[in-house]
1. Select from the stretch 375-391 the residues that are aliphatic (A, V, I, L, M) and surrounded by 14 or more Cβ atoms within 10 Å (Cβ to Cβ) and list them in ascending order.
2. Do we have any residue at all in the stretch 288-301 that's within 15 Å of L406 (Cβ to Cβ) and at pLDDT below 95?
3. From the list L248, L231, L262, L240, which residue is buried (at least 16 other Cβ atoms within 10 Å of the Cβ), touching an Asp or Glu at 6+ places or on another chain (Cβ under 9 Å) and at negative phi?
4. Sort through A324, A292 and tell me the only one that's small (G, A, S) and under 30 Å from L99 (Cα atoms).
5. Can you list residue pairs whose Cβ atoms sit under 8 Å apart, with the first residue in the stretch 336-358 being closer than 21 Å to D237 by Cα and the second being polar (S, T, N, Q)? Count only pairs 6 or more apart in sequence or on different chains.
6. State whether one or more residues within the stretch 245-265 are modelled with pLDDT under 95, hydrophobic (A, V, I, L, M, F, W, C) and part of a strand (DSSP E or B).
7. Can you tell me how many residues within the stretch 303-334 are more than 21 Å from A292 (Cβ to Cβ) and touching a residue at least 24 places away in the same chain (Cβ under 8 Å)?
8. Being in contact with a Phe, Trp or Tyr (Cβ under 8 Å, 6 or more places away or on another chain) and among the aliphatic types (A, V, I, L, M) is the filter here, so list the residues in the stretch 249-266 that pass it.
Amino acid sequence: MEAQFPKKLRCLFQPSRYKFIRGGRGGAKSWSIARALLIKGAAKPTRILCTREVQKSIKQSVHQLLRDQITSLGLDSFYQVLETEIRGKNGTLFLFSGLSDLTADSIKSFEGVDVVWLEEAHSITGRSLNILIPTIRREQSEIWASFNPELDTDPIYVMAVKEPPPDSISVEINWNDNPWFPKVLELERQHAKATMKPAEYNHVWEGKCRPAVEGAIYADEIAKVEEQGRLCRLHYDPLLKVHTIWDLGFNDAMSIILVQRLASEIRVIDYIEDVRRTITSYVTDQDQDSLAQRNFNWGNDWLPHDGWATRHQSGRSDADVIKALGREPTRVPGADVEGGIRKARGIFPRVYFNSESAGVRELVEHLRRYRRHVNRQTQEAGAPVHDAHSHGADAFRYLALVADDLQNEVQRQDNRDDVAVIGGWMG
């Protein structure tokens, strides 16, 4: 078999624990990796996991790309292409899965994988990497990542460029490194260079990091937080109540912001995020990140409206569960998403973020990456994107709605929606 590759990607056949392949459009990254893995799988039995952060269907995977390359390489008689996997006659197996739905338990089924291909790796969260990497531990196993970097704080960009792990290869490849760069793409590139903003062109075609994600909602606000030193060391003040602001989820992420208020200052001192855990686990679990692990002077637990919806599995609401655990669930006022975003922008100048907390740093990244859909034709910004970053941003939006109601006395919610008890007095 003869197969051609750009010179920069000869490294795909060089043994190494990590291979990071990054760059802009037209660099033949995915095309070359698909070919290399198919050749590797034809040479000897290999178990290969093709994954990305979110994969709701096989159409979102590299399944079709691999199928096309099987035909291009003349390997149709060797590989059997099934609906959700690809099998080789020698036992080679290609599997496809999204990372966002995996947990520390469910990912154990991939322990025997020889190679992992992380496609569109710029969108893979630190949480997903922390779950995946320790699982891929077979002798001589490898982790390959292909991506066009978004921000220089992307977890995969940090691994590939800023803090590369031992036994890693990191390659930047762009359109001018591809000897088969087609004329039709060259016309597109020239048009883009003439019409795009320089930063956008450099990202799309030259593989450079953006100053902020496309459609970023809080880009200016986060920039000012950093410029003004409000991402800083904060100490828990035992004289102030610690309130929790929840964005509820189970299959989606559960997000909990821990905040104190002093006069007009809003101090975000900690943040918890996880998936597929019960409310009770977040409150009482001593073995996982929870409120019980923090010996704080607790205030109220602020829940959005769905916190009072009865779950058919248990016949109780999340607020009921929190109340039964001895805490004080309180309702976040209702507001549409855009109204909440406006409120969030309004409180940003008053908010300080604890840089000593890994959770808070994660929250800041969510806020940095919270973005709107952008129409490719008109470049108009639309509704906010629902992705891995929207849960923390939703919790921050709820914080904005209750910021002026945070008090250093416990507020007790009466059964009626319009009544709360504060310090023993009705209000």
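1. A381, V385, A388
2. no
3. So the residue among L248, L231, L262, L240 that is buried (at least 16 other Cβ atoms within 10 Å of the Cβ), touching an Asp or Glu at 6+ places or on another chain (Cβ under 9 Å) and at negative phi is L248.
4. A292
5. Listed pairs, sorted by first residue: R350/S264.
6. yes
7. Qualifying residue count for the region: 7.
8. Selection gives M254, I256, I257, L258, I266.
The values are calculated or read from the model by the stated rules, or taken from the named source; none is laboratory data. Since this is a predicted model, take the numbers as computed values, not measurements. Here Cβ is always computed from backbone atoms with ideal geometry, including for glycine, and neighbour counts include all displayed protein chains.
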